[in-house]
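Written out below as structure tokens is the structure these notes cover.
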Amino acid sequence: MPSNPAVAKGEARISINDLETEAKLVFEPGPSGQDWNITALRKLITDVGIISPTSLELDRFLRKVADSDQPQEILIAEGDPVVEITPETVTWDYEGIPQDMKAVVKEVLDKAGKPELSRIKTERVKTETRVIKRGKLPFMSPKEETVVSWDKRGVSEPVAVDPTIQKTGFVEKGLRAGIVHPPMPGRPGKSIFGKTIQPQTLENRDFFFGYGLFREGSEIRAMASGILRIGANWADVAPLAKSAWEIGIAGDGITLYMRFSPGDPRFPPPPVKDILEAVSPDPAEGISTDILIDGEELKQAMKRSIEAQKPIPALPLYKSRHGGARVESYPGNTKVLRAWKALAGGEPLASRMVSQALQDSGVRSYNIEDLRARIQSFLAGPELEMIYPLNRTGH
């Protein structure tokens, strides 16, 4: 240490944080303050029960203070910080709100109201059952006894939370909305005076999920499309979706139908043209688009669904017709067998129909084995119609 110990004029004090895990020596220079040397600073520190820094450290601090007109501070004691208990947290997978929905988002959120949340509380339920017990000896009368048992039962109870919405986003039905991370237990700390400091108690460590969200293990899935509302320890979905459709195949393996989920009436229904084009037969197959239902019929069905907010589980997109067969004549005395399958619940095509058509035509010049194989292949396959040239035997 230098031979001329440092002295600084001003006000010195010890600053200790609320948890007593940190202490600082604070010095504010000023001509009206007292003179402070190493001995005075050491006494100030030890008087509050803190081990003083070395004389060299205090000397360097005083010289720094003496060369400045601004307050200075130095850390003189540090305990072990408390690791607080962490509640459940969620990493969200939501998307931004679609541009064409932003105009109605405020109205949707205003109407959504406060979140309705609940949790399952386990209770012990006492059950009393009366049983008849036979006497230990034949001449003893049976006795009635009451047997008491305890069962566990889950009871739903409402949960009150701060309803403030911190974030919003958009989720789609059926997709993952987030991942839940479990709570962490925390760890006690120690003050600069050696006192153990316990983590603060959390009254509730759970994250609560309301309408439109379902928790399965650590995954959160959206059960409804709409605006995701996220609070401090809760989240739910304010429903908002456009109408959606998808194509399915009926039990006959041929008829195509539409599943329709009605959306918010403020959004237009899907274009009829897009739906019918999705099921329109390939012109190369020689099948007329007349088998499709009328576009106006489809439009009105979607309109009614949206107005009533009732989904359409299966709307056939083909007109109903019975299966059948006939022999057709073309120029040059060419004859063909045309067969078609039933659609939308009509009577199925059967082999007897083909046999009857051939019999009625009077055509005999065809390979019966080849025709039989072709018909079986047609009945088992996905084709809607079959055209088989007759008038030839060299198959």
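A short reminder: the numbers here are calculations on the coordinates, not readings from a lab. Note that the coordinates shown come from a computational prediction; the quantities given were computed from them, not determined experimentally. Positions of Cβ are backbone-derived with ideal geometry, glycine not excepted, and every protein chain shown enters the neighbour counts.
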How much length is gained if the chain between residue 215 and residue 351 is pulled fully straight, taking 0.36 nm per residue apart and subtracting their Cα-Cα distance, in nm to one decimal? 43.6 nm
Please state the shape class of the range 116-156: rounded when a/c is under 1.5, otherwise prolate if a/b exceeds b/c and oblate if not, all from the C-alpha gyration tensor. prolate
The whole-number value in µm²/s of the Stokes-Einstein translational diffusion coefficient for the range 259-395, with Rh from the Kirkwood sum over alpha carbon pairs at 25 °C and 0.890 mPa s, is 140 µm²/s
Nearby lysines by direct alpha-carbon distance to residue 133 (threshold 25 angstrom, same-chain neighbours under 8 apart not counted): 143
Dipole magnitude of the range 8-78 about its Cα centre, charges +1 at Lys/Arg Cβ and -1 at Asp/Glu Cβ only, in debye to the nearest 20? 280 debye
Qualifying lysines (Cα of each under 20 Å from Cα of residue 190; at least 8 residues distant if same chain): 24
Among 102, 299, rank each residue by its count of other Cβ atoms within 10 Å, from fewest to most, as a rough exposure measure. 102, 299
Electrostatic dipole magnitude of the range 116-156 [Cβ: Lys, Arg +1; Asp, Glu -1; Cα centre; debye, to 20]: 180 debye
Just to confirm a number: summing +1 for Lys and Arg and -1 for Asp and Glu over residues other than residue 197 whose beta-carbon lies under 14 angstrom from that of residue 197, what do you get? -3
The range 244-316: relative contact order as a whole-number percent, Cα under 8 Å and 6+ apart: 42 percent
Just rank 148, 363, 48, fewest to most, by other beta-carbon atoms within 10 angstrom. 148, 48, 363
Scan (1) 36, 26, 24; (2) 83, 38, 21; (3) 99, 25, 14 for the value of semi-axes √(5λ) of the Cα gyration tensor in Å calculated from this model and give just the label. (2)
Going by alpha carbons, how many degrees (0 to 90, nearest 10) lie between the helix axis of 351-361 and the longest principal axis of the chain? 40 degrees
Just subtract the alpha-carbon distance of residue 336 and residue 299 from 0.36 nm times their residue separation and send over the number in nm, one decimal. 9.5 nm
Mean Cβ count within 10 Å, highest first, over the residues of peptides 77-89, 31-43: 77-89, 31-43
Between helix 295-308 and the chain: long-axis angle, C-alpha atoms, 0 to 90°, nearest 10: 40 degrees
Loop-located trypsin sites (Lys or Arg not before Pro) in the range 343-380 whose Cβ has at most 15 other Cβ within 10 Å (DSSP): 364
